[in-house]
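Trainee: There's a structure below that I have some questions on.
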Number of protein chains: 2
Amino acid sequence: MSSIIKNSILKMSAASLHTAAAATSAAPLATLDASKLQITKNPNPKTPLPNDQLVFGQTFTDHILKIQWNKTKGWDAPKIKPYGPISLDPSACVFHYAFELFEGLKAYRDSNDQLRIFRPNKNMERMNKSADRIVLPTFDSEELIKCIAELIKIDKHLVPKEKGYSLYLRPTLIGTTAGLGVGIPTDALLYVITSPVGPYYSTGFKAVKLEATDYAVRAWPGGVGDKKLGANYAPCIKPQLEAASRGYQQNLWLFGEEKYITEVGTMNVFFVFEDKATGKKELVTAPLDGTILEGVTRDSILELARARLNPEEWTVSERYYSIYEVEERAAKGELVEAFGSGTAAVVSPIKEIGFHGKDINVPLLPGQQFGALTAQVADWIAKIQYGEEEYKDWSYVVADLKE
Amino acid sequence: MSSIIKNSILKMSAASLHTAAAATSAAPLATLDASKLQITKNPNPKTPLPNDQLVFGQTFTDHILKIQWNKTKGWDAPKIKPYGPISLDPSACVFHYAFELFEGLKAYRDSNDQLRIFRPNKNMERMNKSADRIVLPTFDSEELIKCIAELIKIDKHLVPKEKGYSLYLRPTLIGTTAGLGVGIPTDALLYVITSPVGPYYSTGFKAVKLEATDYAVRAWPGGVGDKKLGANYAPCIKPQLEAASRGYQQNLWLFGEEKYITEVGTMNVFFVFEDKATGKKELVTAPLDGTILEGVTRDSILELARARLNPEEWTVSERYYSIYEVEERAAKGELVEAFGSGTAAVVSPIKEIGFHGKDINVPLLPGQQFGALTAQVADWIAKIQYGEEEYKDWSYVVADLKE
């Protein structure tokens, strides 16, 4: 076959066979190994900013974790180095074909000065799924978590104190192969940068207005909407601008003729309905059908809601539901509340949804910017994140900063 | 509104308002201006490789064209510099959210030593459409073409001689804003690199086998499949690997329940049917409905076919057609030929299509690797590209290398 596709951008299949051959006939590829970690300290450590000056993802800590991968060698030794620029050939495949994916998670300093990460195994699992989907290298999740723990420890002076503040962690994986053929990346760079961040809502919850969007589509069956790929983000900015021009902060992404509700902006979304006849309430979110990001916060909310809400009063559903259902139930007084969910805000209350020129009002508690369950869920998760409450292995202690 | 979304990744709408304000109240932004071009020559010019060693997109010329953009200043002076790495902050938005797009076009040396580009205005028009779709800056096409012409001239010693050989041009536009909020890029870099390339098929046409793919979907109405964004490429690699594992070189992308034929791999695709009853032939490709890349070669083939094929014998159609139609017409002996179209290969003949475990045989001329129209179209376009024939303004003379 290789002769057919020589000198061509159809050479993908040859590259595939090549990779397969390398994997079976050559020495086993090196795996990602935290014990090989090499650390070069930044000689100019930063002074922490006051908490009230922290802006999401705008300032970074002193160090970066970098791990190179090559298809014939596997994973190189992890390296922690002073934070600094990444230098790549202009033909690197990350610049042309979006070989890129990321994760977002947070480290929290608890009241005992222990450093904790919330469910990092879930993020690592998803990161590996994202990598597999665009044929970037996968890795041992536990080993990467160990390296990230070292990265956080070395920059512990920059992890903000005070509940609500945290260190945002951004693992990123990019294809770095130089050359313009559209093919499997032969080289990749996994890196992690960290940013001290404040609470999403610095003055308490602020409910947002959404525009239900059907002219643009975020994700589709057979696509990659369930993966945390760069490819899912840039195309969503223009629809967001259009929504903003009409006074809405975010898009509520609809799908299909049925106008199913899928996600909001870059978050998953939950609605609460109450059946007036029975008085029973339902917490609803869209099912993971391949078009919905497999949010860690989404998963955590579903599990806690199923464990903690009284089943006599509540149903927790992953099912299809449409903007028409929301419209109807609002009209009947059965729409109770709605919120987005994600790592950045945990929950983000919704107060209004514009759809085809009409506004659907979403109730909030009297005089508040949130609904009852929204606040409840935020509290459940914050308590686990900050170690005030242990729940299974969700809060992963990285380091004891008292030592 | 800005207070609502302070310190949040919902700050997009604020960014939007900010940009709008800057555009209306501040000094007008600088436009891309070729007259400001600054040139720094590479002190170590390369020796050209022999033509038979040229591999698509693997070697580059001595220089790179770079043009920085900033939202408050507009376009900086274009700069031609020695080819070298691009250095960006690890938080740059191109690495996380796929703020990236590109173009592909070629410069040809004709028999009079004139350097020509094929329809560069079409590529520039498409590049601006891609930029607008992901809120990267747009620019004056003519000015960029002038800068590209200077880039080619300065590296003219590396433009291969001989018909079939050319200089592949890769204009690229990336968002370079540092910071992890998902927002409108405030900084961008437009750059152009060039690569001497040989003919796509070094030993004449080689017809390819395609796997008709319905489990993965390349593009969707309301998506960005008609734009040349990086986001459209990485997700297509895994399905291509799967096709390759079953012996097919590329995917024939289907869409919807109807299993409409859309594109092949990274090319547009054409089929030729013959109505047995009337003897009339039809050249068919999918319509530009937002899911189909607006290929310059596709457009050129349609125009030349409409102008040059005898309308008594031929119909040229942009219409929906499905894999089922191809299957049926193949069974009736009405499938004449099929080919992909794109800048790299111009045309790429197809000999077989696998669909749900059965193979559809696509005829080739006896003893050949192509069909009659495939060869005819390739010849039409090559003659214009190499200046053997003038057709409208399609062949744009960049420089006279005799001077």
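Trainee: Compute the label-point distances linking A:PRO85 to its equivalents in the other copies; points lie 7 Å from Cα along Cα→Cβ; give nm, one decimal, shortest first.
Mentor: Nearest to farthest, the other copies are at 1.0 nm.
Trainee: Also, I was wondering about something else. Roll a 1.4 Å probe over the protein chains and send me the accessible area per residue for chain B in Å².
Mentor: Here the per-residue accessible area is 37 Å².
Trainee: Taking the Cα centre of each part, how many Å lie between region A:99-130 and region B:78-100?
Mentor: Rounded to whole Å, the Cα centres lie 27 Å apart.
Trainee: Would you please put B:161-173, B:337-349, A:184-196 in order of how densely packed they are, using the mean number of other Cβ atoms within 10 angstrom per residue and starting with the highest?
Mentor: Highest mean packing first, the order is B:337-349, A:184-196, B:161-173.
Trainee: Quick one: with label points 7 Å out along Cα→Cβ, list the inter-copy distances for A:THR203 in nm, shortest first?
Mentor: 7.3
Trainee: Here's another thing I want to ask about it. Considering chain A as a Gaussian network with a 10 Å cut-off on Cα pairs, which listed residue, A:ALA234, A:ALA98, A:ALA207, attains the greatest mean-square fluctuation?
Mentor: Looking only at A:ALA234, A:ALA98, A:ALA207, the biggest GNM fluctuation is shown by A:ALA234.
Trainee: Local charge sum around A:THR40 (other residues, Cβ-Cβ under 12 Å, Lys/Arg +1, Asp/Glu -1)?
Mentor: Residues close to A:THR40 contribute a combined charge of +3.
Trainee: Taking chain A as a Gaussian network, Cα atoms linked when under 10 Å apart, which of A:PRO160, A:PRO50, A:PRO82 shows the biggest mean-square fluctuation?
Mentor: Taking springs between Cα atoms under 10 Å, the residue moving most is A:PRO50.
Trainee: As an exercise, identify the chymotrypsin sites (Phe, Trp or Tyr not before Pro) in region A:197-281 lying in DSSP coil whose Cβ has no more than 14 other Cβ atoms within 10 Å. Don't skip to the end; give the middle numbers.
Mentor: Details: sites: A:TYR200, A:TYR201, A:PHE205, A:TYR215, A:TYR233, A:TYR248, A:TRP253, A:PHE255, A:TYR260, A:PHE270, A:PHE271, A:PHE273; in loops: A:TYR200, A:TYR201, A:PHE205, A:TYR215, A:TYR233, A:TYR248.
In loop regions of region A:197-281 (DSSP not H, G, I, E or B), the sparsely surrounded chymotrypsin sites (Phe, Trp or Tyr not before Pro) are A:TYR215.
Trainee: What residue among A:GLU103, A:GLU390, A:GLU274 has the largest mean-square fluctuation in a Gaussian network model of chain A, using Cα springs under 10 Å?
Mentor: With Cα springs under 10 Å in chain A, the top fluctuation among A:GLU103, A:GLU390, A:GLU274 is at A:GLU390.
Trainee: Considering only DSSP beta bridges where both residues belong to chain A, give the percentage that are antiparallel (nearest 5).
Mentor: 80
Trainee: Moving to a separate point now. How much of the accessible area of region A:295-402, in percent, comes from carbon and sulfur atoms when a 1.4 Å probe is used?
Mentor: Percent of accessible area from carbon and sulfur atoms in region A:295-402: 48.
Trainee: Could you pull the copy-to-copy label distances for A:ASP275, with points set 7 Å along Cα to Cβ, in nm to one decimal and sorted shortest first?
Mentor: 5.8
Trainee: Going through the cross-link list B:LYS122/B:LYS209; B:LYS79/B:LYS129; B:LYS161/B:LYS281; A:LYS106/A:LYS402, which pairs have a Cα-Cα distance over 28 Å in this structure?
Mentor: B:LYS122/B:LYS209; B:LYS161/B:LYS281
Trainee: Separate question: Quick one: compute the contact order of chain A, relative version, from alpha carbon pairs under 8 angstrom and 6+ residues apart, as a percent. Mind dumping the intermediate values first?
Mentor: Details: 821 pairs, mean separation 70.8, N = 403.
That works out to 18 percent.
Trainee: Let me ask you something else. Rounded to the nearest 5, what % of DSSP beta bridges with both residues in region A:262-403 are antiparallel?
Mentor: 80
Trainee: Counting other Cβ atoms within 10 Å, keep those with at most 13, restrict to DSSP loop, and tell me which trypsin sites (Lys or Arg not before Pro) in region A:197-278 are left.
Mentor: A:ARG246, A:LYS276
Trainee: A follow-up question, please. A:ILE384: accessible area at probe 1.4 Å, nearest 10 Å²?
Mentor: 0
Trainee: Once you place label points 7 Å from the Cα toward the Cβ at B:THR31 and B:ALA77, how far apart are they in nm?
Mentor: Those two pseudo-labels are separated by 2.0 nm.
Trainee: How many angstrom lie between the C-alpha centres of region A:252-289 and region A:132-170?
Mentor: Computed from Cα coordinates, the inter-centre distance equals 32 Å.
The values are calculated or read from the model by the stated rules, or taken from the named source; none is laboratory data. Given the structure is predicted, the values throughout are model-derived calculations rather than measurements. Every residue, glycine as well, gets a Cβ built from its backbone with ideal geometry; the counts of neighbours run over all protein chains shown. With ligands, DNA and RNA removed, areas are computed over all heavy atoms of the protein, side chains included. Shrake-Rupley method; radii C 1.70, N 1.55, O 1.52, S 1.80 Å.
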